[in-house]
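All remarks here apply to the structure that follows.
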Amino acid sequence: MNDIANKPAPTPSEMSQPFWDGVEQGELRMQTCSECGTPRHYPRLLCSVCYSDGVVWKTASRQGKVHSWTVAHHPYHPAFVTEVPYTLVVIDLDEGPRAIGRWDGDTPVIGQPVTGHFVAREGGSDLVFAASGI
Ligand SMILES: [Zn+2]
């Protein structure tokens, strides 16, 4: 489907289906290597440390700190044109990997503690981070 009027919907693969099942439950599920315990996000076939394909899915805390952020003034997809400008953040999750999401709040600060949650929208859900404790 390449419909510019509709927001893009996820197309889960066999490998990413557990992640998307978690999204439906409001959980950020993350692969963890069954050999060396290294967490990884986004879902992928091999561990970047030991190259094992063994995996265990765990639910992440959705807690982390702001690594970087930017303001999008041009939509990455035409269906988001009415939402610009919006802020995108890169988060160092407490589990180790980084995640990208939308931002809800005043200007983010590098190192600021955050909590993420999923917000349902047409065609899927967005991972949205906000300052922790607010
Ligand atoms: Zn490993």
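Before moving on, here are some points about what is shown:
- In the set (1) among the acidic types (D, E); (2) within 16 Å of the ligand (Cβ to nearest atom); (3) under 23 Å from F129 (Cα atoms), the condition left unmet by E83 is number (2).
Yes/no per residue for (1) at positive phi; (2) in the same structural domain as E24 (by TED's automatic domain parsing); (3) within 18 Å of the chain's Cα centre (by Cα); (4) not in a loop (DSSP other than H, G, I, E, B):
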position	(1), (2), (3), (4)
L46	no, yes, no, no
V56	no, yes, no, yes
T70	no, no, yes, yes
F80	no, no, yes, yes
V89	no, no, yes, yes
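- Criterion violated by A60 - all others in (1) under 26 Å from E83 (Cα atoms); (2) touching a residue at least 24 places away in the same chain (Cβ under 8 Å); (3) under 14 Å from the mean Cα position of the chain (by Cα) satisfied: (1)
- If the condition is being closer than 13 Å to V66 by Cα and touching a residue at least 60 places away in the same chain (Cβ under 8 Å), then the stretch 94-121 contributes P97, A99, G116.
- Which listed residue, of T115, T107, T59, T87, is under 23 Å from E14 (Cβ atoms) and polar (S, T, N, Q): T59
- Any hit, the stretch 59-70, residues being basic (K, R) and either within 16 Å of the ligand (Cβ to nearest atom) or surrounded by fewer than 15 Cβ atoms within 10 Å (Cβ to Cβ) (or both): no
The values are calculated or read from the model by the stated rules, or taken from the named source; none is laboratory data. Since the model is a prediction, treat every value here as computed from it, not as a measurement. When we count neighbours, we look across all protein chains shown, and the Cβ atoms used for this are built from the backbone with ideal geometry, even at glycine.
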